[in-house]
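First the structure, in the form of structure tokens, and then the observations on it.
The values are calculated or read from the model by the stated rules, or taken from the named source; none is laboratory data. Model, not experiment: these values are computed from the prediction. Glycine also receives a Cβ, built like all others from the backbone with ideal geometry; neighbour counts cover every protein chain displayed. The accessibility values were calculated without ligands, DNA or RNA, using every heavy atom of the protein model including side chains. Shrake-Rupley method; radii C 1.70, N 1.55, O 1.52, S 1.80 Å.
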Amino acid sequence: MRIVEEDQFENEVNNKNVIVQLSADWCGPGKVLTPVLQDVAGHYNIAVFKVNIDSSPGIVKKYTVRSIPKILFIKNGVVVEELLGNKDRPKLDNTIKSVYGV
């Protein structure tokens with residue numbers, strides 16, 4: 001999973017289908033979620049990346065991050081779905097199918 005900095009974020013999500021994990025290095029649930037999210041996204045061939053909220057205050061404000069991990073499902077540059085907390089594989093599968101129609 002590639003880490004994207006705040007100054008790269010808009011370029012990475014604009015007019016694309018991506019999954020973004022908003023988390024922090026110290027977040028235990030985020031560490032557990034990362035490999036599961038990578039595996040699921042890879043299965044569907046959807047780009048996935050992580051944003052460290054500690055170094056991205058603008059993204060925290062824009063997406064009203066009050067709890068982490070927060071997962072953004074972005075379709076054509078627009079957030080279509082958000083999930084909070086550590087999610088299991090079936091929930092991620094169902095959300096990806098619903099959002100991206102795969």
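Hey, if you drop one equal point scatterer on each alpha-carbon of segment 11-102 and run the Debye formula without solvent, what base-10 log of I(q)/I(0) do you get at q = 0.13 Å⁻¹? Those come out to -0.38, one per q.
Simple point charges give the picture: +1 on the Cβ of Lys and Arg, -1 on the Cβ of Asp and Glu, and for segment 58-102 a dipole about the Cα centre of about 140 debye. Computing FRET efficiency as 1/(1 + (r/R0)^6) for THR64 and TRP26, where r is the C-beta to C-beta distance and R0 is 35 Å, gives about 0.95. An oblate overall shape is assigned to segment 3-63, the ratio a/c of its alpha-carbon gyration tensor axes (a ≥ b ≥ c) being 1.5 or greater and a/b not exceeding b/c. If only the Cβ of Lys and Arg carry +1 and only the Cβ of Asp and Glu carry -1, the dipole of segment 1-85 around its Cα centre is close to 180 debye. Other residues lying with their Cβ under 12 Å from the Cβ of VAL102 contribute a combined charge of +1, Lys and Arg counting +1, Asp and Glu -1.
Counted by Cβ distance under 12 Å from VAL36, the other residues give a net charge of +1, where Lys and Arg count +1 and Asp and Glu count -1. Between the residues ASN14, VAL102, LEU72, the greatest Cα displacement towards the positive end of the dipole of the chain, with unit charges on the Cβ of Lys, Arg, Asp and Glu, is found for VAL102. Spin-label model, SER98 to VAL78: label points 7 Å out along the Cα-to-beta-carbon direction sit 1.8 nm apart. Calculated mean residue ellipticity at 222 nm for the chain: -12500 deg cm²/dmol, from DSSP H runs with n ≥ 4 weighted as -39500 (n - 2.57), summed, divided by the residue count and rounded to 500. Solvent exposure of the chain, expressed per residue, is 54 Å² of accessible area, with all protein chains present and a 1.4 angstrom probe. Taking Cα pairs under 8 Å and at least six residues apart, what relative contact order does the chain come out at, in percent? Over the chain, the number comes to 36 percent. Estimated at 0.36 nm per residue, the fully extended path between ASN15 and LYS91 surpasses their Cα-Cα distance by 24.9 nm. Counted over the chain, the DSSP beta bridges are approximately 60% antiparallel.
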